[in-house]
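Got a structure here, written out as structure tokens. Questions coming.
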Amino acid sequence: MNFTPLWFFLHVTGAVVWVGGMYFAYFCLRPVAVQQLEPPARLRLWAAVFERFFPAVWVAVVAIVGSGLAMLLAVGMRQAPLHWHLMLASGLTMVAIFAYVFFVPYRRLCAGAAASDWKAAGAALNRIRQAVGVNLGLGFVTIAVATLGRAFG
């Protein structure tokens, strides 16, 4: 049985959830939250949003990495086109950044919001914002490599 269509579906679906979610959070939710909510309410909102979004990102990460490796190994590392290797490198970089966000500033955000330490929570949210900005940029680069890579070699 050929699993390639299933791997491709899981790969694209994971990317849509993760990159699409970052886009929504960064360009849609964040500006409105800054405009309409005072810091305590905004920080509690972000902690609650991430509590729902991050489990979906972990599932997306497993789907993307697992399906990507399955497709890469099915072809063979040496036979895989260069843009597949570039996707792997950028994707693993994105995973590392997300793991940092999840295990360091997200935990600080939650702890700060729970303790009403708005300064600490705000600093953590700022680090998350910066890391998400980097990951969103990498996500778009990865999508470009995935969709345009074949055209360049």
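Conditions first: (1) touching a helix residue (DSSP H, G or I) at 6+ places or on another chain (Cβ under 8 Å); (2) at pLDDT below 95; (3) more than 19 Å from Met94 (Cα to Cα); (4) of a type in the set (Gly, Ala, Ser). Ala151 passes all but one, so which condition is the exception?
Ala151 satisfies every listed condition except (1).
For the stretch 96-129, give me each residue that is closer than 22 Å to Trp58 by Cβ and exposed (fewer than 12 other Cβ atoms within 10 Å of the Cβ).
Once the filter is applied, which keeps residues that are closer than 22 Å to Trp58 by Cβ and exposed (fewer than 12 other Cβ atoms within 10 Å of the Cβ), the stretch 96-129 yields Ala96, Phe103, Ala114.
Hey, can you tell me all the residues within the stretch 10-67 that are more than 20 Å from Gln130 (Cα to Cα) and among the β-branched types (Val, Ile, Thr)?
Once the filter is applied, which keeps residues that are more than 20 Å from Gln130 (Cα to Cα) and among the β-branched types (Val, Ile, Thr), the stretch 10-67 yields Val12, Thr13, Val16, Val59, Val62, Ile64, Val65.
Right, something else. What is the residue count in the stretch 130-153 for residues that are buried (at least 16 other Cβ atoms within 10 Å of the Cβ) and more than 13 Å from Trp18 (Cβ to Cβ)?
4
The values are calculated or read from the model by the stated rules, or taken from the named source; none is laboratory data. Predicted model only: the values in this text are computed from it and were never measured. Cβ coordinates were reconstructed from backbone atoms using ideal geometry, including for glycine residues, and neighbour counts include every protein chain displayed.
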